[in-house]
Amino acid sequence: MEEYIDEDAFLEKEISTISFDNLNIPSDMKLILESRFKEIKRCLRVSAPLSAIFLCGSILEGLLLNLAKENPKRFNTSNSAPKNIDNKVKQFQEWSLNNLINVAHENGILRDDVKVFSHALRDFRNYIHPYLQLSSGFNPDMHTARICFQVLKAAISQLNSFNETK
């Protein structure tokens, strides 16, 4: 069972410096991710919460997929690595954001707080499918978008910490 993570305490964490420089991202992908990060800030300034949330989820997935590709043995040998019908680990391009979060957590890359809130970000990012949002009956607002942005910044911070210890 997951331990309770206090939302207010998580939001109070000061994460001021965000950098993609130490994440071993190919330069062309880094430009895309940095551009999307800047776009999130613009979305937050103009009260476009769904757009900000979609971008947060997109960047998180891109970063975790890159990390998996940089550490294939570590990710492929994890207990929570997704398997196909033949019980073989799926190719990375077939992994979901859910899979990437769980394997990164299992490997000590994402801590409990970021794992828990990353799954919430993933759930809101999935509102990119209008019928899913309709069935939930929930409309994310700016508070939700700010939480998702904080999750992304915390994940980037933890990914940087992981790369510094490698």
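The values are calculated or read from the model by the stated rules, or taken from the named source; none is laboratory data. Computed from a predicted structure; not experimentally measured. For neighbour counting, all protein chains shown are included, and Cβ atoms are generated from backbone atoms with ideal geometry for every residue, glycine included. Calculation scope for accessible area: heavy atoms of the full protein, side chains included, ligands and nucleic acids excluded. Shrake-Rupley method; radii C 1.70, N 1.55, O 1.52, S 1.80 Å.
Couple of notes before you dig in:
- Exposed chymotrypsin sites (Phe, Trp or Tyr not before Pro) absent: longest stretch of the chain, with sites in DSSP loops and at most 14 other Cβ within 10 Å deemed exposed: 5-137
- The listed residues Val89, Val114 rank as Val89, Val114 when sorted by accessible area, largest first, using a 1.4 Å probe.
- The range 105-166 shape via C-alpha gyration tensor axes, a/c threshold 1.5: prolate
- Value at 222 nm in deg cm²/dmol, rounded to 500, when DSSP H runs of n ≥ 4 in the chain each add -39,500 (n - 2.57): -20500 deg cm²/dmol
- Shape category assigned to the range 91-133 from the gyration tensor of Cα positions, a/c cut at 1.5: oblate
- Only protein heavy atoms count here; on that basis, with a 1.4 Å probe, Met29 has an accessible area of about 80 Å².
- Whole-number percent relative contact order across the chain, with pairs defined as alpha carbons under 8 Å at least 6 apart: 33
- In this structure, the residue pairs whose Cα-Cα separation is over 28 Å, taken from Lys90/Lys115; Lys88/Lys115; Lys41/Lys90; Lys83/Lys153, are Lys41/Lys90; Lys83/Lys153.
- Cysteine residues of the chain whose C-beta has no other cysteine C-beta under 4.7 angstrom: Cys43.
- Computed over the chain, Kirkwood Rh from alpha-carbon pairs, angstrom: 16.4
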